[in-house]
1. Which one of these does Leu323 not meet: (1) hydrophobic (A, V, I, L, M, F, W, C); (2) over 14 Å from Ile288 (Cβ atoms); (3) at pLDDT 90 or above?
2. Just wondering, is there one or more residues in the range 56-72 that are surrounded by fewer than 21 Cβ atoms within 10 Å (Cβ to Cβ) and in a strand (DSSP E or B)?
3. Looking at the range 311-333, which of its residues are among the acidic types (Asp, Glu) and without any contact (Cβ under 8 Å) to a residue 60 or more places away in the chain?
4. Can you tell me which condition Val238 does not meet? The list is (1) under 16 Å from Asn361 (Cβ atoms); (2) modelled with pLDDT under 65, and all the others hold.
5. List every residue pair whose Cβ atoms lie under 6 Å apart, where the two residues are 6 or more positions apart in sequence or sit on different chains, the first residue falls within the range 120-138 and is more than 13 Å from Gln191 (Cβ to Cβ), and the second residue, located anywhere, is at pLDDT 95 or above and part of a loop (DSSP other than H, G, I, E, B).
6. For the range 270-314: of the residues being in contact with a Lys or Arg (Cβ under 9 Å, 6 or more places away or on another chain) and polar (S, T, N, Q), which is modelled with the highest pLDDT?
7. Of the numbered conditions (1) part of a loop (DSSP other than H, G, I, E, B); (2) at pLDDT 85 or above, Lys246 satisfies every one except a single condition; which is it?
8. Look through Ser29, Ser78, Ser17 and report the one residue that is modelled with pLDDT of 90 or more, open to solvent by less than 30 Å² (accessible area, probe 1.4 Å) and among the small types (Gly, Ala, Ser).
Amino acid sequence: MPIQLVRQIQAIALCISLCLVSIASWAMSFEKQERCIDGLNPKCQTMILAIGQIDKESPAQFKTFSKDFPRGTWVAISSPGGNLIAGMQLGLAIREAGFNTVIGNSDYSPPECLSACAYTFLGGVSRKLTPGSRYGLHQFRGTDKVISAEEAQKISATMAKYVDAMGVDRRLLDYAELTTSDKITTLTLAQAQVLKVDTGGQSSYPRWHLEATADAKLLALNSGLLTAGSQIPVTLGVLPVALKAKESKDAKIVANNNPNKDVLACLIYYKSADAATFANNNPHSIQIGSTVYPLVLVGTWQEKTGGYQATFVMPNPLVEALLQSPEDAVITLRADFIKPPKSNTSIASASPVLTYFGVGNFKTSVQALLKR
């Protein structure tokens, strides 16, 4: 998740309400509950129940409440809406934690996610609309003042970037724009699945795609959707390589132990100006499920336009695990950045940074690269 998006959302922290005037407001609260929802696997599990109107305090309260819940936890949301900026910030908090979202209900709150809640809902890595639930949108509006054309343009641009970052079709915003603020447009399940509001088993993480390099070589690319421990944008590329004699001994061992004789390498690019950090090797690994696969650095980090890039050889077991992973799987890139000592007497420290990538279209892309 690029830090620019987070800053843009903070910068336009206007008091914008997206809830219907006729709905009584109560601040959103969070509870830990064992709930059973058809379509989830398992059907019954411990989840977070988020009920009520989203206000400026909701994102911070959610982070505090949810800090000990594991990634993959479902957040069942029932809300009439609230503050748009807080709604997007809450969605970012849900995505950062690696949680999923579903529309829930309670004895006093219906299975509805309307207005600003619609954007919070998009924060889920996986998202599900349950039978009988309502997911609805409308135009944004200011509560304390009329929003100027310039302000509206900035807000719309930020919303578009947010929707993109969440892996949702931008056409979702058309439904909101064409619905006046005193009405609600409710999506059908079919519409929600087409727009990827309901992921229907698909991952919200970006898919792999092929691009050509300046020297007309193909490589598969994927951009990390979210970095935990840092807000540095990360891009991961994969391409076949031929190791040279000067390359590291470890890299050649990986190549020699590869029964397919197809050596794939990762190009890892960080958009960063921190030269001191990238003066070190900074060990990297990729985790799939509970298995960790160390990557083998070839050469050193090189300064590229706006950042730093290095090449790592991928061991064959990692390649095979990726090829066998389901399309909706998520992999974790771990970087143990070595921070240089602040003085001659201090000790360098390691700071892990985790970035999450989807597996979707990896197999097809690699097959095209290797022509097999």
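1. (2)
2. No, the range 56-72 has no match at all.
3. Once the filter is applied, which keeps residues that are among the acidic types (Asp, Glu) and without any contact (Cβ under 8 Å) to a residue 60 or more places away in the chain, the range 311-333 yields only Glu320.
4. Failed condition: (2).
5. Matching pairs, first to second residue: none at all.
6. Step by step, filter the range 270-314, then rank; the result is Ser285.
7. Condition (2) is where Lys246 drops out.
8. Sole residue among the options that is modelled with pLDDT of 90 or more, open to solvent by less than 30 Å² (accessible area, probe 1.4 Å) and among the small types (Gly, Ala, Ser): Ser78.
The values are calculated or read from the model by the stated rules, or taken from the named source; none is laboratory data. Everything numeric here is computed off the predicted structure, so don't read it as measured data. Quick reminder, even Gly has a Cβ in these numbers, built from the backbone with ideal geometry, and neighbours come from all protein chains shown. Please note that ligands, DNA and RNA were not included when accessible areas were found on the heavy atoms of the full protein model with its side chains. Shrake-Rupley method; radii C 1.70, N 1.55, O 1.52, S 1.80 Å.
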